[in-house]
Amino acid sequence: MRRSALITMLSSILSIVLFVLACGPSPASALNTQEEINTVRVYKKISVATVLITSAYASTHHVNQEMGKGIGSGVLIDDQGLIVTNAHVVQGAAKLTVMLHDGTRLPAQMIGSDMVYDVALLRVAIPKGKYPHAQLGNSDKLEVGQKVIAIGHPFGLGYAMSTGIISGFGKLLETKQEVFQDRIIQTTTPINPGNSGGPLVDSDDRVIGINTAILLGAQNIGFAIPINTVKSVMADLQTYGRVIRPWLGVKGKFVTEELRTLIALPMVDGLLVQDVEEGSPAARIGLEAGELDVAIEGEPWVLGGDILVSINGQDLRTISHYTKTLQGLKADQAVELRVFRDGDYRTINLTLGERPMPPLPQQRPKTDVPPLIPQMLPYSQF
């Protein structure tokens, strides 16, 4: 090769190298940000503690005795094989099987279930220390805008993760119910059938929620049970298999300033009783529900009933006041109620009962374990 040709070729190669250097790193390395490195780290750490739960359901028909199957996710929370999942994932199952991260399949025992908070505990027999478990965080310190990661088995297709942020805090139950939960986690993280029961994780690889549902007809609005709610019922689930809650037996709404301004009836702050459950402690002492149905700016109210002002001297002005007061009480405890009726206050003593288990929901179609080519299922099948 002539000297001039060699110089020309080397010059061309040098020009290409300089051009590449001037353009910066390749796209692959450009994606390698510190945030992405941490996301991958969190996934690798928590996915090994995440499990696939297969639920087998016996047919209720006396001729067709086939076993239907459903799927969900769960997360190991100790080295003894204790698993947290959703109650609706396992409720009514005749047989439960858990698949661990390495593919090991084990029969699972139901420890306890609570349909009110949609939490269940399972246990599998695993060698102590062989499988890592997830660490639980503090859901009371979460902030809107905080990044979160959901890990599970969407449609049974295998381990997968999705990311998003905490977009708000909603209500698990309508306020007309006696049991309130006013801090369910709302997230933009995509949650699909099969994700239910899996962990919602923060950037410090702490489980801060258990994925439970999505809002039908909406986009990127999912919900998770706060992990502190799970912690609050774990002891009862492990000891009794259920959550023992005090039961008064009233449902209603809290009096608002707008209601007091618009309605020409004597009103005070407190829980306006709109329904008294049959056979409840409230029914036995004669608490009265309203009978006058009205709508104020489209919101329904039932007026004319008693207003529950306080329990054991604790004022009931908001949902949080009521929830905090109930959490400090026990079934079979004697309490003093202050009630406003017909413009007068009165004091009533009663003994609380144990809140009955809610009726099981009508069996919904379960998320089938998909074939090789999955058939997409409607979001309602959680």
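A few points about this structure:
- In angstrom, the C-alpha Rg and Dmax of the stretch 73-152 are 13.9, 41.
- Intensity falloff of the stretch 231-279 expressed as log10 I(q)/I(0), Debye formula with alpha-carbon point scatterers, at q = 0.12, 0.18 Å⁻¹: -0.48, -0.71
- Burial order of peptide ranges 255-264, 303-312 (average beta-carbon count within 10 Å, highest first): 303-312, 255-264
- Packing here is the average count of other Cβ atoms within 10 Å per residue, and on that basis the peptides 44-52, 220-228, highest first, run 220-228, 44-52.
- Using only alpha-carbon positions in the stretch 237-347, the gyration tensor eigenvalues give semi-axes of 26, 15, 14 Å once each is multiplied by 5 and square-rooted (largest first).
- Rounded to the nearest 0.05, the FRET efficiency derived from the C-beta distance between Ser232 and Arg317 at R0 = 22 Å is 0.45.
- Karplus-derived 3J(HN,Hα), 6.51/-1.76/1.60, for each residue of the stretch 333-347, Hz, glycine and proline x: 8, 7, 9, 10, 9, 10, 10, 9, 9, 6, x, 10, 8, 9, 10
- Scanning residues 5 or more positions from Leu350 or on other chains, those with amide H under 5 Å from its amide H are Val335, Leu337, with H placed 1.01 Å from N in the peptide plane.
Each value in this text was obtained by applying a stated rule to the coordinates, not by laboratory testing. Source: prediction; values computed, not measured. Virtual Cβ from ideal backbone geometry, glycine too; neighbours counted across all protein chains shown.
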